[in-house]
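Structure record follows, encoded as structure tokens.
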Amino acid sequence: MPLNDNFFERVYHIARQIPYGKVTSYGAIAKVIGSPQSARMVGYAMNASHLQSDIPAHRVVNRNGLLTGKHHFDGTNLMQQLLESEGISVKDNKIVDFQSHFWQPDVNQL
């Protein structure tokens with residue numbers, strides 16, 4: 001994907017690559033697309049991604065593994081339910097053993 005494409009589309013390109021059963025953070029995506037200070041904008045992109053069904057927005061959490069975007073999903077606990085269906089445990093809105101589930105995007109995936 002060319003680096004001059006739309007910011008949201010670059011975010012979605014990376015998000016689509018998050019493996020089943022893994023998560024990444026807003027900041028990790030921002031860093032890999034060359035905009036390390038834009039974690040919040042990645043969050044905005046994830047909020048807007050619900051219009052596209054092929055983007056696993058539930059796999060993007062904050063840097064501590066908190067489900068900070070869960071209120072943007074339909075239903076009270078849909079984000080948590082989606083993660084748990086992939087084998088990721090969540091307790092008190094936080095991914096249990098976050099580091100073992102963390103997927104680090106790579107600039108070569110752009």
For the chain: relative contact order, % (alpha-carbon pairs under 8 angstrom, 6 or more apart): 32 percent
Choice from Lys91, Lys70, Lys22 showing the highest fluctuation, given a GNM over the chain with Cα pairs closer than 10 Å: Lys91
For Val61, distant residues with modelled amide H under 5 Å away: Thr24, Ser25, Tyr26
Computed over segment 1-42: relative contact order in percent, which uses C-alpha pairs under 8 Å that are six or more apart: 33 percent
Accessible surface of the chain [probe 1.4 Å, protein heavy atoms]: carbon and sulfur percent: 49 percent
Euclidean distance of C-alpha centroids, segment 84-110 and segment 1-47, integer Å: 15 Å
Accessible surface, per residue, of the chain when the full set of protein chains is kept, probe 1.4 Å, Å²: 55 Å²
Quotient of C-alpha Rg and 2.2 N^0.38 Å, computed over the chain: 0.98
Principal-axis tilt of helix 39-48 within the chain, Cα atoms, nearest 10 degrees: 70 degrees
Over the chain: helical MRE at 222 nm, DSSP H runs n ≥ 4 each giving -39500 (n - 2.57), nearest 500: -9000 deg cm²/dmol
Summed residue charge, Cβ within 11 Å of Asn77's Cβ, Lys/Arg positive, Asp/Glu negative: -1
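The values are calculated or read from the model by the stated rules, or taken from the named source; none is laboratory data. On a predicted model such as this, the values are computed, not experimentally measured, just so you know. Because the Cβ atoms are built from the backbone with ideal geometry, glycine has one as well, and the counts that use them run over all protein chains shown. All accessible areas refer to the heavy atoms of the entire protein, side chains included, with ligands and DNA or RNA removed. Shrake-Rupley method; radii C 1.70, N 1.55, O 1.52, S 1.80 Å.
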